[in-house]
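First up is the structure itself, then whatever we jot down about it.
Each value in this text was obtained by applying a stated rule to the coordinates, not by laboratory testing. None of these values were measured; they are calculated from a predicted model. With ideal geometry, Cβ positions are generated from the backbone for all residues, glycine too; neighbour counts draw on all protein chains shown.
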Amino acid sequence: MAFAGEESAVTPTLESVGLFKNGLTVVRATFPVKSPGVYRWDRVPRVVHGSFWVESDGVVAVQSSTRLIEDSAATAAPAALLQTELAGNEVTVTLKTGGGAQAPVLTGKVWEAPPHAVARTWDADYSSLTPSAGSYYWYRSQAAAPPSALPAAAGVGGFLVLQDAAGGRRYIDQSSIATVAVNGPFKPAKHCEERPVLLFDVRQVPANGGAVRVTYLTKGLAWLPAYQVDLSDPAVLNIRQSAVVRNEMGDLANTDIQLISGYPNVRFGSVDSPLWPGTGLAAFFQQVNQSGATAGGILGNNITGQQLVYQNAPNRGDVPPLPDVAEPGNISDDIHYESIGKHSLQSGDSLCVDIAAATAAYQRVVEWVLPDPRDGNGRYHRSTSNEQASDDQPWDAVRFVNPFKFPMTTAAAVVMEGGKFRGQCLSQWVNPGQRTCLRITKALSVRADSTELEEEAQREIVWIGGNDYQRTKVKGRLALRNFRSHEVTVTIRCEFSGELLEAEGDPEKSLRTEGVSSVNPRRQLDWSLKLPPGQEAVLGYRYQVLVDR
């Protein structure tokens, strides 16, 4: 078993951590080197496969291994465990006696149990890659923790073992001991344990010294954004962005924390590097094989998905000019870094900070979205769940343009007005200068009704690619009534599958991208209208659709 005495212990400084919202973290650490030698980091981070990189002013090789390391912070054994407490000390032992006889006295050095290690059993059945306890841990029988070098109390059978100068041993029943005196200064017992370490073999160093810099992806830090939208001003809203940082990776000391927004491609985000001792080759190969099926899972930087908002409101061309670009290096077309400064966080701590605030002109609207009730083959598939029924109803909403110099990321958004809570919704990814629409509360004071009826006619049979379809004409009707005491702006989006025949109210007509491979084109109608108080509006449309029989 190798000891750590001949190596230089280092504690790399965590210069910065870049946090994704799904728990992946980009870590940059560094430590100085003055001369060639082996530098030992008494910690092996759980690194994502392929993400561990070392930069240095010299030549460096890195090895993952284990060492017996003295733990000065370890809790001393109870005094009753004499063998452990007094190991290595010269002592004088006075035994108990009765009847006035002189008490026997023994001297010697308390025997030190040699350090020991638990044998490691690896799962080498790479062909089957069957999950098992031993596939994922060092120790098949003791996966919970590395072995300790401290002997168990029962290891000496209740005896105090003394070692004389000639190498012999005396086993003294601890129940017969009256007193134990330490001869000379007391030497506290060394508490050693086997730990995984990283060994940096630095072979070349500049004459004036240098540094070793390490960059890697790991897990354990995440940030959770949130927005507050205040509508107290009838013309201009105030929007604030905040973030909660959760640290479950390890202690941070004056570390620059950067919040990352975007959807990067992290192909092996769920695969542990074999550099981390907590995995074996069988587990590694299994994770690699399984990682292809998780491209949309942990590999995506999402809360509910980092979807772009292709806004459905009409007047798409009415977009104001983009704001001034942010500071160089912080923003790209698709990923954004936002530094919140240096902070110190212990493992388990959470931090809440404000990131930015801005104002923007806005418009209050009633948004009514009617999803397509048919699949690509023209068959009805509308869900009857309460959630689906709720989404089909009009919602009071606020429409505005992202006023920040950086994208609004996917996050929870709370809407306030006059100091009162109005609602909470999900704000999706919105680029600077792009319009978004946040739902506030269900518009109960605007009654809406939608119907679709098949027109009576002979059903024509159409053959396409060997399949027979029934051509049907459908008439739709949308009715709205405003029970409010003031005029409201209503935006309506109606989705359907088929060929549009006619539509009232001159809506904006467009094709939806999901219909590129379906028999029926997938279409969308967008209306925007003013509805006076107490008034009703009725809109009609007709289309024909092919229904797979």
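In what sequence do 343, 336, 381 fall when counting other Cβ within 10 Å, fewest first? Before the final figure, lay out each step's value.
Values: 343 17, 336 20, 381 11.
Placing the least packed residue first, the sequence is 381, 343, 336.
Under 17 Å from a label point 7 Å along Cα→Cβ of residue 461: give me every residue in the stretch 511-549 with its amide N that close.
546-549
In terms of the Cα gyration tensor, with a ≥ b ≥ c the square roots of its eigenvalues, is the stretch 446-548 rounded because a/c is under 1.5, prolate because a/b exceeds b/c, or oblate?
Details: a/c = 3.64, a/b = 2.16, b/c = 1.69.
Note, shape of the stretch 446-548 comes out prolate.
Cα to Cα, under 14 Å, and not fewer than 8 places away if on the same chain: which aspartates and glutamates meet these conditions relative to residue 509?
The qualifying aspartates and glutamates are 495, 499, 526.
Residues in the stretch 432-468 near a label at residue 475, defined as backbone nitrogen under 19 Å from the 7 Å Cα→Cβ point?
Under cut-off, by backbone N: 449-460.
Under 5 Å between amide hydrogens, which residues at least 5 positions from residue 417 or on another chain qualify, with H placed 1.01 Å from N in the peptide plane?
231, 422
Taking 22 Å as R0, compute the FRET efficiency from the Cβ-Cβ separation of residue 363 and residue 445 and round it to 0.05.
On the way: r = 18 Å, r/R0 = 0.81.
Efficiency, rounded to the nearest 0.05: 0.80.
Per 0.36 nm of contour for each residue apart, how much would the distance between residue 268 and residue 105 grow if the chain were fully extended, relative to their Cα-Cα spacing?
Computed gain between residue 268 and residue 105 is 52.0 nm.
Sticking with the crude label model, points 7 Å out along Cα→Cβ, report the distance from residue 504 to residue 170 in nm, one decimal please.
Distance between label points: 11.1 nm.
What aspartates and glutamates does residue 96 reach when the alpha-carbon gap must be under 14 Å and sequence neighbours fewer than 8 apart in one chain are set aside?
Qualifying aspartates and glutamates at Cα under 14 Å: 173.
Using a 10 Å cut-off on Cβ atoms, rank the peptides 104-110, 203-209, 353-359 from the highest mean neighbour count down. Each step should come with its number before you reach the end.
Values: 104-110: 16.0, 203-209: 11.0, 353-359: 14.3.
Highest-to-lowest ranking by the protection proxy: 104-110, 353-359, 203-209.
What order do you get for 81-87, 264-270, 172-178 when each peptide is scored by the mean count of other beta carbon atoms within 10 Å, highest first?
81-87, 264-270, 172-178
Please compute the length gained on full extension between residue 248 and residue 513, using 0.36 nm multiplied by the number of residues separating them and subtracting their Cα-Cα distance. Can you show the working numbers first?
Details: separation 265, 0.36 × 265 = 95.40 nm, distance 4.11 nm.
Working it through step by step, the gained length comes to 91.3 nm.
Across the stretch 397-412, in residue order, what do the Karplus-derived ³J(HN,Hα) couplings come to in whole Hz, using 6.51 cos²θ - 1.76 cosθ + 1.60 with θ = phi - 60° and x for Gly and Pro?
9, 10, 10, 7, 9, 3, x, 7, 7, 9, x, 7, 8, 5, 6, 6
Past the 26 Å Cα-Cα mark, which pairs from 21/420; 21/405; 473/530; 405/442; 219/405; 219/342? Don't skip to the end; give the middle numbers.
Details: 21/420 29 Å; 21/405 20 Å; 473/530 30 Å; 405/442 31 Å; 219/405 29 Å; 219/342 20 Å.
From the list (21/420; 21/405; 473/530; 405/442; 219/405; 219/342), the Cα-Cα distance tops 26 Å for 21/420; 473/530; 405/442; 219/405.
Check cross-link reach from residue 34 to the aspartates and glutamates: straight Cα distance under 18 Å, and skip same-chain residues fewer than eight apart.
The reachable aspartates and glutamates, counting only those whose Cα sits under 18 Å from residue 34, are 6, 7, 55, 57, 201.
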